[in-house]
1. Answer with yes or no whether residue 15 is more than 16 Å from ligand 2 (Cβ to nearest atom) and either loosely packed, with under 14 Cβ neighbours inside 10 Å or under 20 Å from residue 158 (Cα atoms) (or both).
2. Name the one entry in 187, 118, 132 that is crowded, with 16+ Cβ neighbours inside 10 Å and either in contact with a strand residue (DSSP E or B) (Cβ under 7 Å, 6 or more places away or on another chain) or more than 30 Å from residue 75 (Cα to Cα) (or both).
3. State the number of residues belonging to segment 13-51 that are touching a helix residue (DSSP H, G or I) at 6+ places or on another chain (Cβ under 7 Å), within 15 Å of ligand 1 (Cβ to nearest atom) and either more than 20 Å from residue 191 (Cβ to Cβ) or in a loop (DSSP other than H, G, I, E, B) (or both).
4. Is it the case that residue 47 is modelled with pLDDT of 95 or more and within 16 Å of ligand 2 (Cβ to nearest atom)?
5. Would you please list the contacts, defined by Cβ atoms under 9 Å and residues six or more apart or on different chains, that run from a residue in segment 45-60 that is within 11 Å of residue 22 (Cα to Cα) to a residue that is assigned to a loop (DSSP other than H, G, I, E, B) and modelled with pLDDT under 95?
6. Take the residues in segment 50-81 that are surrounded by fewer than 21 Cβ atoms within 10 Å (Cβ to Cβ) and within 16 Å of ligand 2 (Cβ to nearest atom); name whichever of them is nearest to residue 180 (Cα to Cα).
7. Does residue 10 count as within 15 Å of ligand 1 (Cβ to nearest atom), in a strand (DSSP E or B) and at pLDDT 95 or above?
8. Kindly list the number of the only condition in (1) within 16 Å of ligand 1 (Cβ to nearest atom); (2) surrounded by fewer than 20 Cβ atoms within 10 Å (Cβ to Cβ) that fails for residue 162.
Ligand SMILES: Nc1ncnc2c1ncn2[C@@H]1O[C@H](COP(=O)(O)OP(=O)(O)O)[C@@H](O)[C@H]1O
Ligand SMILES: [Mg+2]
């Protein structure tokens, strides 16, 4: 049986010679929310970018829904949505146009009912005619989520979706993530907040130094991590 995302011995050496991924192999199936955890520089963003076709691996293969992300880029890319770490929105554009446009980029026909549904679930419908620059940080993050979901991907990747948000805004993003997960979208997210990972995730993929150290249930990871790197990470992060 093929998994939703199949990653086979993926390596990434950046132009400067830095080895960010050192042979990553894993399969992401349908299931619980997956938290992608690891120290800064572990390769989390590189891995997500590779799956979404934004970074070309220097070795190995990635397939999404059976489509190779390099040789069958368009089909693979259509199956994934990406909420990037940085907010990259057009400040003068209206919320609804931003989201509609994203859907169009994937060659999907206009579907106002679907866009309305997504905006309502993200509590953005009332803001649909506001310009992006009028929104709070939490609303902008939710617009990024709406954009990433606009073409109905099977898997949604969120890269640090709540960094620099206040507690109320974090709650809003977490509620949205849970809701879309419950409605059947596969969720993979990175976070540097282990309490958040504990609240949301059923499974954990722990990377360190460009390698997968653990891929297990959240309960196992937080209570009895098997790798030395995982033990050190949890001890360091949860003590703060
Ligand atoms: N475009 C790039 N060019 C060179 N090195 C990079 C580039 N992007 C990331 N790196 C390096 O690769 C390593 C992994 O980065 P990244 O995937 O962003 O880690 P994480 O998201 O886990 O913090 C880091 O050491 C980073 O400096
Ligand atoms: Mg990162």
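1. Against the criterion (more than 16 Å from ligand 2 (Cβ to nearest atom) and either loosely packed, with under 14 Cβ neighbours inside 10 Å or under 20 Å from residue 158 (Cα atoms) (or both)), residue 15 qualifies.
2. None of the other options fit; the residue is 187.
3. Selection size over segment 13-51: 2.
4. Yes; evaluated as a whole, the condition is true for this residue.
5. Close Cβ pairs satisfying both conditions: none exist.
6. Per the stated criteria, the residue is 54.
7. Values: within 15 Å of ligand 1 (Cβ to nearest atom): yes; in a strand (DSSP E or B): yes; at pLDDT 95 or above: yes.
Considered against the rule, which asks whether it is within 15 Å of ligand 1 (Cβ to nearest atom), in a strand (DSSP E or B) and at pLDDT 95 or above, residue 10 comes out as yes.
8. Just one mismatch for residue 162, condition (2).
The values are calculated or read from the model by the stated rules, or taken from the named source; none is laboratory data. Just so it is clear, the model here is predicted, and its values are computed rather than measured. Every residue, glycine as well, gets a Cβ built from its backbone with ideal geometry; the counts of neighbours run over all protein chains shown.
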